[in-house]
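Asker: Just dropping this structure here.
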Amino acid sequence: MDRQKFAFDKTNLILIAIGVFIVIIGFLLMTGPSSSEAMYEPDIFSVRRIKVAPIVCFVGFILMIFAIIYKPKDKNK
């Protein structure tokens, strides 16, 4: 098969997969118990859920954008 017809190289796909994995980790860091009218849960304002998780997701999205834009060097030249 001709490699010129594919939009992404193996490197691009690996970087995209890593980015998706990092975003999933960020969303998992955001999870936790929720507050209700009957019980207040102060954990909804924890540093992990408010600051760390969004930064991790942002890094994952930036990595995916980089993976899409990245053009691997041609080995045949």
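Asker: Subtracting the Cα-Cα distance from 0.36 nm times the residue separation, let me have the gained length for Arg48 to Thr31 in nm, one decimal. Each step should come with its number before you reach the end.
Answerer: Numbers: separation 17, 0.36 × 17 = 6.12 nm, distance 0.96 nm.
Going from the current span to full extension adds 5.2 nm.
Asker: Using packing as a proxy for protection, rank 39-46, 27-34 so that the peptide with the highest average count of other Cβ atoms within 10 Å comes first. All intermediate terms of the calculation are to be shown ahead of the outcome.
Answerer: Details: 39-46: 10.5, 27-34: 12.0.
Most protected by this proxy first, the peptides run 27-34, 39-46.
Asker: Determine, from the Cβ-Cβ distance of Lys10 and Val59 and an R0 of 22 Å, the FRET efficiency 1/(1 + (r/R0)^6), rounded to the nearest 0.05.
Answerer: Details: r = 22 Å, r/R0 = 1.01.
Efficiency computed from Cβ-Cβ geometry: 0.50.
Asker: Dipole of the chain (Lys/Arg Cβ +1, Asp/Glu Cβ -1, origin at the Cα centre): which of Val47, Phe66, Thr11 lies farthest to the positive side?
Answerer: Final value for the positive-end residue is Thr11.
Asker: Return the Rg/Rh ratio of the chain with Cα-based radii and a Kirkwood Rh. Each step should come with its number before you reach the end.
Answerer: Values: Rg = 18.8 Å, Rh = 14.9 Å.
Taking Rh as the inverse mean 1/r over Cα pairs, Rg/Rh reads 1.27.
Asker: Run the dipole for segment 8-69 about the Cα centre, Lys and Arg Cβ at +1, Asp and Glu Cβ at -1, nothing else charged, and hand back the magnitude in debye, nearest 20. Walk me through the intermediate numbers first.
Answerer: On the way: 4 positive and 4 negative charges, 44 e Å.
With only Lys, Arg, Asp and Glu charged at Cβ, the dipole is about 200 debye.
Rule-based calculations on the coordinates, nothing more; no lab input. This is a predicted model, so every value here is computed, not measured. We place every Cβ from the backbone using ideal geometry, glycine too, and count neighbours over all the protein chains shown.
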